[in-house]
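Let me begin by presenting the structure, written as structure tokens, before commenting on it.
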Amino acid sequence: MPSIAKHSFIRHIPISNNNHSRRRLFFFHCQNSMDINQTERDTTHHVHYNHTDPSKFARWNARESFEFMYARPWQRVNDFYLNTVRANSSLHLLFQSQTLPDHDDSGVPEISDQAELECGVSKDRSGKWARFNFKIVLSYHGGSFDGWQKQPSLYTVQSIVEASLGKFVDENKTQLLKDKGLPIEGCAAVAGRTDKGVTALHQVCSFYTWKKDIKPREIEDTINDAAPGKLRVVSVYEVSRAFHPNFSAKWRRYLYIFPLTDGWDKNQSRGNGESCESFTYNEICDSVSKDELGNEKKSYVFSVRKVNRLLQQLEGKLLSYKMFARDTKASRNDGPPTECFVHHARAMEARLPITENGEETKVMCIELVANRFLRKMVRVLVATTIREAAAGAEDDALLKLMDATCRRATAPPAPPDGLCLVDVGYAEFDREKCFVMED
């Protein structure tokens, strides 16, 4: 869109020596500045990204995508995740006909004299190699916290965990923290920082200390008492000093649960996952931004099978996902820092457990496994895939978006309520151990 030049004309006022004139002049300039700023706000235009890739219907713009994503019964998904964290429910209820993988500790370095010696540890185990390292697997409800990372005045998982671990800090570090006037806290390394609202069922962190005779059960009980019902320890045990939850990890598995029913459309798709155009919102909706896209039509119905086909194109490929990342620095937008290898990307239809009120929610489950994920990458990928499926884009639409030069080519992030970090793997990825296996 061509830029619009904005001109302002300020009336010349002769400056008087008296204070009254100075106050009048100051007030005039302030009022004129407010008028100009208001004019600039009124003339601001948010232009929809002009896609050149073919599609059956026009794509949603950012506002339409945002509204479509958030017009969902997310509280039901939140309740399901909360019950799962409390061990009152399970992902098995979503995939009743399949054998689901459990958390696998294979690949984690074991504690042995030979293993430590191979890492350059002397027999006297002096210095940092005299410390004890514990692997802690956590389950927490995203809606109850402000994310993982510790931040001032925010209720985060890391702040709670590290405050709990302060009980197990050795004497030297305790004295050092006291001398600096800092709280007595442990330091927890983590496999991946989750955003506010994102749940985790098997988040992996580690904690080391020089304090002896610590029992894993003591660590488990202390953390469990910190936020009961919101944060739960799945397991704790001592591991090799060479283990790091992030650098040792070979893959991460995320699950996104997307409700298929909302306030617009009570029959989003047929039981087999194929869309039914007779159930669309106002059949095929006219664009709400006709001034930008003319009379093009937009569909608010998508096929779960179409989403699955779009995602499958990503499997087995090392690609740069910078167009699907958010809040990344410009220096990180090129090269390996934005590349991810996707092992598995599938979608299928499922149903949440029936509530006490007899409500049943039909959902789409998207499983993504990769060696790493960029910031908000999963949420942007989910929202963009649904948008492309509703538009009837070609199956390689996501691959084509990798070459885009403007992040408006992808959709705004889907709500964090549906996202869950299911597991972190330290052995080679096994495709047979997946939730969604449909083609």
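The values are calculated or read from the model by the stated rules, or taken from the named source; none is laboratory data. Note that the structure is a prediction, hence the values are computed from the model and not measured. With ideal geometry, Cβ positions are generated from the backbone for all residues, glycine too; neighbour counts draw on all protein chains shown.
At a glance:
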read-out: Flag for F258 being touching a Leu at 6+ places or on another chain (Cβ under 6 Å), buried (at least 20 other Cβ atoms within 10 Å of the Cβ) and either at pLDDT 95 or above or not assigned by TED's automatic domain parsing to the domain that holds I223 (or both); value: no
read-out: Criterion: in contact with a Cys (Cβ under 9 Å, 6 or more places away or on another chain) and either buried (at least 22 other Cβ atoms within 10 Å of the Cβ) or polar (S, T, N, Q) (or both) - qualifying residue of Q175, Q151, Q158; value: Q158
read-out: Cβ pairs under 9 Å, 6+ apart, first in segment 309-329 and over 20 Å from P412 (Cα atoms) and without any contact (Cβ under 8 Å) to a residue 60 or more places away in the chain, second in a loop (DSSP other than H, G, I, E, B) and among the polar types (S, T, N, Q); value: L318/N371
read-out: Among (1) on the phi > 0 side of the Ramachandran plot; (2) at pLDDT 90 or above, the one test that D146 misses; value: (1)
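One line per residue, one yes/no per condition, for (1) under 18 Å from K322 (Cα atoms); (2) among the hydrophobic types (A, V, I, L, M, F, W, C); (3) surrounded by fewer than 23 Cβ atoms within 10 Å (Cβ to Cβ):
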{"position": "I354", "(1), (2), (3)": "no, yes, yes"}
{"position": "L368", "(1), (2), (3)": "yes, yes, no"}
{"position": "F373", "(1), (2), (3)": "yes, yes, yes"}
{"position": "A383", "(1), (2), (3)": "yes, yes, no"}
{"position": "A389", "(1), (2), (3)": "no, yes, no"}
{"position": "G392", "(1), (2), (3)": "no, no, yes"}
{"position": "L399", "(1), (2), (3)": "yes, yes, yes"}
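For (1) in contact (Cβ under 8 Å) with a residue 60 or more places away in the chain; (2) under 20 Å from the mean Cα position of the chain (by Cα); (3) farther than 21 Å from S139 by Cα, each residue gets a yes or a no:
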| site | (1), (2), (3) |
| --- | --- |
| M377 | no, yes, yes |
| E394 | yes, no, yes |
| L399 | yes, no, yes |
| V422 | yes, yes, no |
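Per-residue answers, yes or no, for (1) modelled with pLDDT of 90 or more; (2) part of a loop (DSSP other than H, G, I, E, B); (3) out of contact with any Lys or Arg (no Cβ under 6 Å at 6 or more places or on another chain):
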{"position": "Y155", "(1), (2), (3)": "yes, yes, yes"}
{"position": "Q158", "(1), (2), (3)": "yes, no, no"}
{"position": "G166", "(1), (2), (3)": "yes, no, yes"}
{"position": "N172", "(1), (2), (3)": "no, no, yes"}
{"position": "E185", "(1), (2), (3)": "yes, yes, yes"}
{"position": "A189", "(1), (2), (3)": "yes, no, yes"}
